[in-house]
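Novice: Got a structure for you, questions after.
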Amino acid sequence: MNPGDSSVTAAESKQWLKQQKQHSEGLLSKGVALGCCHGILVIGQMALLAHMLDGAIFKQWGLHELAAYMWAMLAIILVRAALSYGSSRLCYRGAVAIKYQLRKDLLAKIFHLGPSFVAQKGSAESAQLLHQGVESLQDYYAGYLPAIAYCSVIPLAILAIVIPFDWGAALIFLCTAPFIPFFMIMIGKKAEALNHQHWAKLLRMSSHFLDIIQGLTQLKIFNASRQEIAAVASISDQYRRQTMSILKIAFLSSFFLEFLASVSIALVAVIMGFRLYYGEVDYLLALWVLLLAPEFYLPLRNLGTQYHAKMAGVSAAQDMIALYQDAAVSEQARESEITSGQPVGNENQAGPFNAPFDIHFDEVSFAYDKRDKALDKVTLSFDNKGLHAIVGPSGAGKSTLIETLMGFHQPQQGRVLINGVALEQGNRDAWLQHCGWIAQQGHIFYGELGFNVALSEQYNLAKIEQALCQAGLAEWVKSQPLGLNTQIGEAGAGLSGGQRQRLALARAFYHQPDVLILDEPSSHLDKDSEAAVLQAIKRYAEHHLVIVIAQRLHTVSQADCIYVIHQGRLQQQGSHSLLCQQPGLYQQMLHAGGRHE
Ligand SMILES: Nc1ncnc2c1ncn2[C@@H]1O[C@H](COP(=O)(O)OP(=O)(O)OP(=O)(O)O)[C@@H](O)[C@H]1O
């Protein structure tokens, strides 16, 4: 799904945003309640002020008569200040609690949808949704939603109290108030569409920036940086123009709201002035109504200033809902597979998978969207331990086969059976807990070396040292002044290709997965280190299942079983010595020096 192409309507988005209030653990409601009390108390404060002015100006009161009112005034000001502080703080904390929960949920959904979803959507867009998208909800929950509540409570409270004293003044309030929300809705319609386009453009711009930063070296080498800078300038300019259009609407709407509010207050003042002149009301009442008039329009004016927070929140929420829907569809597909699938083997095993594992691909076919089959009726088995290798030319389907084994792709035909249970019938997350996967470019996280091996701040020192030793990295770590506390830069900056690969291997040895999958585990290593690492892998395979993807055939000559894949089909299988004697692709690859493009 492209951003901005979301099929989620604004109404659904608003409904969904309201439902998320439950994550604020009541903080938002308490904050709004305090805010309402703060707003309602203004009626008393203005009544006191009116009495004081009336007394001091028209009744010639001295300090003694005014003192009681002044103390009451001080008390009310202090109470209102405390209520205002408490309300803002609770609303802020409520919004933070909602954001925290949403980030957790969204991240869980992204994990559930897996790497293929992130690859399709774009990592920058996913990150932007998690960061900026969720962040834009802060003002929605802490600003816009309370403003809505104040609008429906405070003006009504003022009306309800003014009516018994002077229904005429209440009538003026009642007639002028609807102009403001009416005008806001008119402007909001136009601004809503613009805001959604603005959000979509922001997502595209983030993707573009990330692409450029990641490919900076390539762009420099191929002298393409100028075109890219021009492309970025053009996207940024479109974004700037869109931002200006939104700002124009925001300024215009603020101006009209202020204008309408000022005209309304002036109208109240003029009408009350005439009524006072003709003796319909006394000074005290006229003064009180006049002091209350700005307070009556204040929540409506505040709502106007919070309106952009609402639109930004609604736009971001549309993409979040789309993500939830994608996750729900994937979940449903999995559930329907479970209910419609024929139970295979022992049904009780369908829950958590238990080691040791026998893996069987039963006529598995899979094609990426509208592409030729990447896997075509593949039938093969991996025993519960030993070294197994998958070889084949580039684009043969080796990675797809492994990703299907890890449940990232659902076969369109056939099944992957783990201990006799179809993978889609069990819990994929439980299965993944038993797998360790070292991709060709194993990801190295920003952080300390020890963390990068254990993927946790708390680690077992002896285990980590053993893992580093197995991966041939122990000597290098010892030579570092900070040892395991050595800081590693983003994506392994500061490490050579070989060190990164060994670090990723050490991670696998530390975690001791039952099924270890390695993609070209020695591609960045020199001959001596390669032999040592292959030896360590072979030793690991004595008690675990290890599956190695390789194009360099000498790295798999010791494998217990080699599977040769070509154009998504299993072409040959057997030991190195057997395949060497068999005419076929393996022989051709051997003669071509291990590679076959
Ligand atoms: N995300 C994707 N979307 C569409 N097609 C894909 C995608 N990933 C792979 N393919 C296609 O599926 C086929 C198998 O790809 P795969 O990556 O599994 O091959 P491979 O054997 O691992 O290649 P290599 O050794 O070069 O990594 C190829 O034709 C490839 O173009």
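The values are calculated or read from the model by the stated rules, or taken from the named source; none is laboratory data. Small disclaimer: the values here were computed from a predicted structure and weren't measured. Because the Cβ atoms are built from the backbone with ideal geometry, glycine has one as well, and the counts that use them run over all protein chains shown.
Novice: Let me confirm something: among Asp528, Asp519, which residue is surrounded by fewer than 23 Cβ atoms within 10 Å (Cβ to Cβ) and in contact with a Lys or Arg (Cβ under 9 Å, 6 or more places away or on another chain)?
Specialist: Working: Asp528 fails: in contact with a Lys or Arg (Cβ under 9 Å, 6 or more places away or on another chain).
After ruling out the rest, the residue left standing is Asp519.
Novice: Could you list, in sequence order, all residues of region 42-73 that are small (Gly, Ala, Ser) and either within 13 Å of Val289 (Cα to Cα) or touching a Ser or Thr at 6+ places or on another chain (Cβ under 9 Å) (or both)?
Specialist: Step one: list which residues in region 42-73 are small (Gly, Ala, Ser), which gives 44, 47, 50, 55-56, 62, 67-68, 72.
Result: Gly44, Ala47, Ala50.
Novice: Right, another one. Pull up region 63-120, narrow it to residues that are over 25 Å from Glu331 (Cβ atoms) and among the hydroxyl-bearing types (Ser, Thr, Tyr), then point me to the one that is nearest to the ligand (Cβ to nearest atom). I'd like the intermediate steps shown before the answer.
Specialist: Let us first name the residues in region 63-120 that are over 25 Å from Glu331 (Cβ atoms), namely 63-97.
Checking which are among the hydroxyl-bearing types (Ser, Thr, Tyr) leaves us with 69, 84-85, 87-88, 92.
Details: Tyr69: 75, Ser84: 53, Tyr85: 53, Ser87: 50, Ser88: 47, Tyr92: 42 Å.
Out of the qualifying residues, it is Tyr92.
Novice: Only one of Lys109, Lys121, Lys59, Lys104 is free of Cβ contacts under 8 Å to residues at least 60 places away in the same chain and closer than 25 Å to Ala327 by Cα; which? Please lay out each step first, then the result.
Specialist: Details: Lys109 fails: free of Cβ contacts under 8 Å to residues at least 60 places away in the same chain; Lys121 fails: free of Cβ contacts under 8 Å to residues at least 60 places away in the same chain; Lys59 fails: closer than 25 Å to Ala327 by Cα.
Result: Lys104 is the single residue among Lys109, Lys121, Lys59, Lys104 that is free of Cβ contacts under 8 Å to residues at least 60 places away in the same chain and closer than 25 Å to Ala327 by Cα.
Novice: Here's a follow-up. Looking only at region 478-516, count how many residues are assigned to a loop (DSSP other than H, G, I, E, B) and not hydrophobic (A, V, I, L, M, F, W, C). Even if it seems obvious, please write down each step before you answer.
Specialist: From region 478-516, those assigned to a loop (DSSP other than H, G, I, E, B) are 480-482, 486, 489, 493-496, 512-514; that's our starting set.
Still in the running and not hydrophobic (A, V, I, L, M, F, W, C): 480-481, 486, 489, 494, 496, 512-514.
Looking only at that region, the number is 9.
Novice: Could you identify the single residue in Ala261, Ala309, Ala286 that is within 44 Å of the chain's Cα centre (by Cα), surrounded by 18 or more Cβ atoms within 10 Å (Cβ to Cβ) and within 30 Å of Phe58 (Cβ to Cβ)? Let's see the steps before the verdict.
Specialist: Values: Ala309 fails: within 30 Å of Phe58 (Cβ to Cβ); Ala286 fails: within 44 Å of the chain's Cα centre (by Cα).
On inspection, the qualifying residue turns out to be Ala261.
Novice: Looking only at region 465-483, count every residue that is small (Gly, Ala, Ser), within 35 Å of the chain's Cα centre (by Cα) and surrounded by fewer than 17 Cβ atoms within 10 Å (Cβ to Cβ) and tell me the total. Spell out how you get there, then give the answer.
Specialist: As a first pass, look at region 465-483 and keep what is small (Gly, Ala, Ser): 467, 471-472, 474, 479, 483.
Of the ones still in play, those that are also within 35 Å of the chain's Cα centre (by Cα) are 467, 471, 483.
Narrowing further to those that are surrounded by fewer than 17 Cβ atoms within 10 Å (Cβ to Cβ): 483.
Adding up the residues that qualify gives 1.
Novice: Would you confirm, using the coordinates I've provided, whether Ala541 is of a type in the set (Gly, Ala, Ser), out of contact with any strand residue (DSSP E or B) (no Cβ under 9 Å at 6 or more places or on another chain) and over 25 Å from Glu363 (Cβ atoms)? Reasoning before the result, please.
Specialist: Numbers: of a type in the set (Gly, Ala, Ser): yes; out of contact with any strand residue (DSSP E or B) (no Cβ under 9 Å at 6 or more places or on another chain): no; over 25 Å from Glu363 (Cβ atoms): yes.
The answer is no for Ala541.
Novice: Within region 373-454, considering only strands (runs of 3 or more DSSP E) that don't extend past its boundaries, which have at least 1 residues that are modelled with pLDDT under 85 and within 16 Å of the ligand (Cβ to nearest atom)? Spell out the reasoning first.
Specialist: On the way: elements: 373-382, 386-391, 413-418, 435-438.
Because the criterion is at least 1 residues that are modelled with pLDDT under 85 and within 16 Å of the ligand (Cβ to nearest atom), the strands (runs of 3 or more DSSP E) in region 373-454 that meet it are 435-438.
Novice: Here is a further query. Can you pull out the residues in region 363-378 that are closer than 19 Å to Val515 by Cβ and touching a residue at least 60 places away in the same chain (Cβ under 8 Å)?
Specialist: We begin by selecting, within region 363-378, every residue closer than 19 Å to Val515 by Cβ; these are 364, 375, 378.
If the condition is that a residue be closer than 19 Å to Val515 by Cβ and touching a residue at least 60 places away in the same chain (Cβ under 8 Å), then Leu375, Val378 are the ones that fit.
Novice: Pick from Arg241, Arg204: which is under 28 Å from Gln128 (Cβ atoms) and at pLDDT 80 or above?
Specialist: On the way: Arg204 fails: at pLDDT 80 or above.
Only one candidate passes the filter, namely Arg241.
Novice: I'd like to check something: does region 516-527 contain any residue that is at pLDDT 90 or above, in the same structural domain as Ser399 (by TED's automatic domain parsing), farther than 26 Å from Ile464 by Cβ and within 16 Å of the ligand (Cβ to nearest atom)?
Specialist: Our first condition is that a residue be at pLDDT 90 or above; within region 516-527, this holds for 516-517.
Checking which are in the same structural domain as Ser399 (by TED's automatic domain parsing) leaves us with 516-517.
Narrowing further to those that are farther than 26 Å from Ile464 by Cβ: none.
Among the residues of region 516-527, not one is at pLDDT 90 or above, in the same structural domain as Ser399 (by TED's automatic domain parsing), farther than 26 Å from Ile464 by Cβ and within 16 Å of the ligand (Cβ to nearest atom), which makes the answer no.
Novice: Something else about it: Residues being within 16 Å of the ligand (Cβ to nearest atom) and assigned to a strand (DSSP E or B): count how many of those fall in region 542-572.
Specialist: Filtering region 542-572 down to residues within 16 Å of the ligand (Cβ to nearest atom) leaves 547-553, 555-556, 562-572.
Applying the additional criterion that residues be assigned to a strand (DSSP E or B) yields 547-550, 562-566, 569-572.
Here the count works out to 13.
Novice: Arg539 passes all but one of (1) modelled with pLDDT of 85 or more; (2) within 16 Å of the ligand (Cβ to nearest atom); which number fails?
Specialist: Looking at each condition in turn, Arg539 falls short on (2).
Novice: What do you reckon, is Leu83 farther than 30 Å from Met205 by Cβ and touching a His at 6+ places or on another chain (Cβ under 8 Å)?
Specialist: Values: farther than 30 Å from Met205 by Cβ: yes; touching a His at 6+ places or on another chain (Cβ under 8 Å): yes.
Judged against the criteria, Leu83 is a match.
Novice: Exactly one of these conditions fails for Glu475: (1) over 22 Å from Ile402 (Cβ atoms); (2) outside any helix (DSSP H, G or I). Give me its number.
Specialist: (2)
Novice: Tally the residues that are within 20 Å of Pro481 (Cβ to Cβ) and surrounded by fewer than 19 Cβ atoms within 10 Å (Cβ to Cβ), restricting the search to region 429-464. Outline the logic, then answer.
Specialist: Initially, region 429-464 is screened for residues within 20 Å of Pro481 (Cβ to Cβ), giving 444, 446-453, 459, 461, 464.
If we keep only those that are surrounded by fewer than 19 Cβ atoms within 10 Å (Cβ to Cβ) as well, we get 446-448, 451, 459, 461.
Adding up the residues that qualify gives 6.
Novice: Tell me which residues, restricted to region 353-372, are among the charged types (D, E, K, R) and away from the ligand (no atom under 16 Å from the Cβ).
Specialist: Restricting attention to region 353-372, the residues satisfying the condition of being among the charged types (D, E, K, R) are 358, 362-363, 369-372.
If the condition is that a residue be among the charged types (D, E, K, R) and away from the ligand (no atom under 16 Å from the Cβ), then Asp358, Asp362, Glu363 are the ones that fit.
Novice: In this structure, does Pro181 turn out to be out of contact with any helix residue (DSSP H, G or I) (no Cβ under 6 Å at 6 or more places or on another chain), more than 30 Å from Gln238 (Cα to Cα) and outside any loop (DSSP other than H, G, I, E, B)? I'd like the intermediate steps shown before the answer.
Specialist: Working: out of contact with any helix residue (DSSP H, G or I) (no Cβ under 6 Å at 6 or more places or on another chain): yes; more than 30 Å from Gln238 (Cα to Cα): yes; outside any loop (DSSP other than H, G, I, E, B): yes.
Yes, satisfied.
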